[in-house]
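Take a look at the structure set out below.
The values are calculated or read from the model by the stated rules, or taken from the named source; none is laboratory data. Not measured: the values here are computed from a predicted model. Heads up, the Cβs are rebuilt from the backbone with ideal geometry, glycines too, and the neighbour counts pull from every protein chain shown. Each accessible area value is taken on the protein alone, full model and side chains, heavy atoms only, with ligands, DNA and RNA left out. Shrake-Rupley method; radii C 1.70, N 1.55, O 1.52, S 1.80 Å.
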Amino acid sequence: MNYQDYFRTRLDSLHDEGNYRVFADLQRKRGAFPTASHTDTDRTNDVTIWCSNDYLGMGQNPAVLAAMHDALDRVGAGAGGTRNISGTTHDHVLLERELADLHSKEAALLFTSGYVSNWAALGTLASEIPGCIVFSDALNHASMIEGIRHSRAAKVIWKHNDLADLEAKLAAADPNAPKLVAFESVYSMDGDIAPIKEICDLADKYGAMTYLDEVHAVGLYGPRGGGIAEREGLMDRLTVIEGTLGKAFGVVGGYIAASAELCDFVRSFASGFIFTTALPPAVAAGARASVQYLKASQIERDGQKARVAQVRAGLDAIGISHIENPSHIIPVMVGDPVKCKFISDTLMREYGIYIQPINYPTVPKGTERLRITPSPVHTAADIKHLLTALGELWTQCQIARTDMAAQ
């Protein structure tokens, strides 16, 4: 086999389909988010980022930066080992306590990323509980899917947010088998929200544990940023709440919050936890400062809600189709991979706007989109410029407008 020819052919197919992914070479500017410098082959120019998962700009927050600088000065750079072998620093311990408190759980367990926390926790629970059946929402994140697959446990996929389908599948399962219902709160591509209470009701009825991924909700929802489950007063009904420190909290890392026994169980058996170097103490300190800050401050959440509403209203006014949902994520529908990439490239090159195209396999073919995430630090001028650019490109690409454009 000619391996290089094979690699080249597969990559050429991605290019032809408009699904080849290009990394944008960005340098964020301290204190100036969402502005960044973009370096292309022949030039460097300033751009406004409209697709960041740093939803609240906490990666630039002075309290977070100060905590990280302080930790660097106190203890140096790396943790020095795995959590089991010299890598558990006091900053890690304090962060886990902070996260347990955030979700009103007995304990929390820190991982190197949100992906790893899902993969390791779900994989460990499903594989180590004898005969466990995992009931997985059809639109669960790749990290959840991989964790469940890795466990080799029995898996039942239920239709996205479909309570009737979930109940039918729970009812059809062995009543004596251990069960785990795995789902998300805010789904990142469509921005819809799961019916958490009703899912918990079904889990209680059929004796199942619940595993809730809140990565696109922590920091953003609830009076202290505990997520959708906190906002709806349901945290005590979830067996496991999983979150990330790399989105609204603005740093990096993942975690689970649960009972002391469950966290200790995962800590003791999860290879994805045991055999990897711990996060740097400065990262843990910065994340803790971010969690503490957002437990007390509503300014960032209120500002984000206002910006989201303004962008949605502006899109409606110019007739650009976007998925209506109750979250902060605005999926602007293009429906064509080539056009989607062209719009993204042109926004960057000619308008100084960065929005990454979302194409297959992240979303189904025919649902290609721009995923816009307004933040509290986007200005009215930023919004006006974005809407003007999108309007011009929709006309240039001959993409149909909604009826609102004619009103």
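What to note about this one:
- Three-way shape call for segment 314-407 based on the alpha-carbon gyration tensor, with the a/c threshold at 1.5: rounded
- Whole-Hz Karplus values for segment 148-164 come out as 5, 4, 4, 5, 6, 6, 5, 10, 10, 9, 10, 4, 3, 6, 9, 5, 5 Hz, taken residue by residue from phi with 6.51 cos²θ - 1.76 cosθ + 1.60 and θ = phi - 60°; glycine and proline positions read x.
- Nonlocal amide H pairs with T82, under 5 Å, H built at 1.01 Å: G87, A278
- Rounded to the nearest Hz, the phi-derived 3J(HN,Hα) couplings of segment 295-302 under the Karplus curve 6.51 cos²θ - 1.76 cosθ + 1.60 (θ = phi - 60°) are 5, 9, 9, 9, 4, 5, 5, 5, where x marks glycine and proline.
- Listed by chain and number, the lysines whose alpha-carbon sits under 27 Å from that of K29, ignoring those within fewer than 8 places in the same chain, are K247, K295, K305, K341, K384.
- Multiplying the residue separation of T9 and L163 by 0.36 nm and subtracting their alpha-carbon distance yields 51.1 nm.
- Take the Cα of A63, step 7 Å toward its Cβ, do the same at I274, and the gap between the two points is 3.8 nm.
- Computed over protein heavy atoms with a 1.4 Å probe, the accessible surface of the chain works out to 44 Å² per residue.
- Within the accessible area of segment 40-120 (1.4 Å probe), percent carbon and sulfur: 54 percent
- Ranking G123, L110, V47 by how far each Cα lies toward the positive end of the dipole of segment 24-147 (charges on Cβ) leaves V47 at the top.
- For segment 279-285, 3J(HN,Hα) computed residue by residue from phi via the Karplus equation (6.51, -1.76, 1.60; θ = phi - 60°) reads 4, x, x, 5, 5, 4, 5 Hz, glycine and proline entered as x.
- Among Q398, I145, L94 - extreme Cα towards positive end, dipole of the chain, charges at beta-carbon: L94
- Other residues whose C-beta falls under 9 angstrom from the C-beta of D213 contribute a net charge of -3, scoring Lys and Arg +1 and Asp and Glu -1.
- When P(r) over Cα pairs in 10 Å bins from 0, in percent is computed from the coordinates, the matching label among (1) 5, 21, 29, 27, 16, 3, 0; (2) 5, 24, 36, 26, 8, 1; (3) 4, 18, 24, 20, 14, 10, 7, 3, 0 is (1).
- Of all accessible heavy-atom area on segment 259-407, the percent that carbon and sulfur account for (1.4 Å): 58 percent
- The listed residues F183, F269, F342 rank as F269, F342, F183 when sorted by accessible area, largest first, using a 1.4 Å probe.
- Summed residue charge, Cβ within 15 Å of N118's Cβ, Lys/Arg positive, Asp/Glu negative: -3
- For segment 169-306: rounded, prolate or oblate by the Cα gyration tensor [a/c cutoff 1.5]: oblate
- Rounded to the nearest 10 Å², the accessible area of H150 at probe 1.4 Å: 110 Å²
- Extension gain for R21-R43 works out to 5.9 nm (0.36 nm per residue, less the C-alpha to C-alpha distance).
- Electrostatic tally near S143: other residues with Cβ closer than 14 Å to its Cβ, Lys and Arg +1, Asp and Glu -1, net -4.
- Which of H15, A258, A154, positive extreme of dipole for the chain (C-beta unit charges): H15
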